[in-house]
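Below you'll find the structure, written out as structure tokens, and then a few comments.
The values are calculated or read from the model by the stated rules, or taken from the named source; none is laboratory data. For clarity, every value in this text was computed on a predicted model and none was experimentally measured. Cβ placement follows ideal geometry from the backbone for every residue including glycine, while neighbour counts extend to all protein chains displayed. All accessible areas refer to the heavy atoms of the entire protein, side chains included, with ligands and DNA or RNA removed. Shrake-Rupley method; radii C 1.70, N 1.55, O 1.52, S 1.80 Å.
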Amino acid sequence: MKKILILGGTTEARQLAEKLVEDFRVTLSLAGRTESPVAQGVPVRSGGFGGADGLAAYLREAGIDLLIDATHPYAAQISANAAQASRLTGVPILALRRPGWKPVDGDRWTQVDTTGDAVHALGSTPRRAFLALGRQEVAAFEAAPQHHYVIRSVDRVEPKLAVPDATYLLARGPFREADERALLEEHRIDVVVSKNSGGEATYGKIAAARALGIEVVMVRRPFLPEVPSTETVDELAALVDKFWVDHLLDPVAERGV
Ligand code: NAP
């Protein structure tokens, strides 16, 4: 059985692993940051590899035949490492690249490049901001303590931000638009700060902001390496099958026989 390493940490990675595990020896890799990750239903390894070289060594030692990058679109470092490890080892790579959201009529988006730029985009006048960002990213908002923040994260934000006025919510998606709308209204939010994660699970807040006429400060996606990719789990599973059907990964085909 061919061996596949899936770099995960996303719902799609788990779904893909569950699909591929019937025909391949699949290992799902997690960064190991979330305190209580959801059950994955396939063999899991956890923790960093030690950069691109470490990942390359893992691919060689574990005899991996195919590497799949199904990490979150903002996890730019591991995606860069994956592309580099593939180049170093010759292990083919495919990626699942969830498409980003596009603004539609009624959206009030201010697009910025970094979380630091998002802090500036809030301006100097105190506002009530909903931060739908990871716990690592929210620290940047200490630079603007004049705002009231509602911060939602999967894991507890520790230490708390050094700002006088912040409310912390713990929750894991998916989030429905109606619930997001109620949340924005309850906390009298006038600006949402979000990553352009794409997908359905976290789009509710964007749709709710549009319905309420609330500005969204949208942090643009980071640069990701160009590797063969698809946008959905089903397309990627089909591409994996095609790889082997075409004998692209067949050792006989590789020898040019
Ligand atoms: P990152 O900045 O791209 O990666 C930092 C380091 O974490 C990597 O260099 C690697 O360490 C390790 N790492 C990341 N993903 C890994 C994986 N799947 N398996 C093993 N090691 C991994 O990543 P991040 O933005 O901190 O995200 C960490 C994880 O959370 C990823 O699995 C990602 O899919 C998931 N996630 C991220 C976001 C987000 O907004 N960034 C949102 C939802 C889920 P070494 O160099 O030591 O190998």
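Relative to the longest principal axis of the C-alpha atoms of the chain, give the angle of the C-alpha long axis of helix 76-89, reported between 0 and 90° and rounded to the nearest 10°. Roughly 10 degrees, rounded to the nearest 10.
Normalising the average separation of contacting C-alpha pairs (under 8 angstrom, six or more residues apart) by the number of residues puts the relative contact order of the stretch 139-210 at 30 percent.
Segment Asp241..His120, full-extension length gain: 38.9 nm, with 0.36 nm per residue of separation and the alpha-carbon distance subtracted. Under 17 Å from the 7 Å Cα→Cβ point of Gln146, by amide nitrogen: which residues of the stretch 187-228? Of the residues in the stretch 187-228, 190-191 have backbone N under 17 Å from the label point off Gln146.
Residue ranges 76-89, 146-159 sort as 76-89, 146-159 when ordered by packing (mean number of other C-beta atoms within 10 Å per residue, highest first).
Remark: relative contact order (the chain) = 20 percent; criterion is Cα-Cα distance under 8 angstrom and separation of 6 or more residues.
Here the chain exposes an accessible surface that is 51 percent carbon and sulfur, computed with a 1.4 Å probe and the other protein chains kept in place. Using 0.36 nm per residue and subtracting the Cα-Cα separation, the extra length available between Glu22 and Asp165 on full extension is 46.5 nm.
In the context of the full set of protein chains, the chain has a per residue accessible area of 50 Å² (1.4 Å probe). Note on the chain: antiparallel DSSP beta bridges, both residues inside, total approximately 0 percent of the bridges counted. Which residues' amide hydrogens lie under 5 Å from the amide hydrogen of Val217, considering only partners 5 or more residues apart or on another chain, with H built in the peptide plane? Hits under the 5 Å cutoff: Thr110, Val192, Val193, Ser194.
Between the Cα long axis of helix 177-186 and the first principal axis of the chain there is an angle of about 30°, rounded to the nearest 10. When the stretch 109-219 is described by a simple charge dipole with +1 on each Lys and Arg Cβ and -1 on each Asp and Glu Cβ, the residue from Pro145, Val216, Ile189 located farthest towards its positive end is Ile189. For the chain, the mean residue ellipticity at 222 nm estimated from helices alone is -9000 deg cm²/dmol, where every DSSP H run of n ≥ 4 contributes -39500 (n - 2.57) and the total is divided by all residues, rounded to the nearest 500. Other residues within the sphere of radius under 11 Å centred on the Cβ of Ala62, judged by their own Cβ, net out at +2 (K and R +1, D and E -1).
Relative contact order of the stretch 68-206: 24 percent, from C-alpha pairs under 8 Å at least 6 residues apart in sequence.
Taking the charge dipole of the stretch 1-115 about its Cα centre, with +1 at Lys and Arg Cβ atoms and -1 at Asp and Glu Cβ atoms, the residue from Ala62, Ser79, Ser46 reaching farthest to the positive side is Ala62.
Charge dipole of the stretch 109-219 (Cα centre as origin; +1 on each Lys and Arg Cβ, -1 on each Asp and Glu Cβ, all else neutral): 160 debye, rounded to the nearest 20. A simple charge model with +1 on the Cβ of Lys and Arg, -1 on the Cβ of Asp and Glu and nothing else charged puts the dipole of the chain at about 360 debye relative to its Cα centre.
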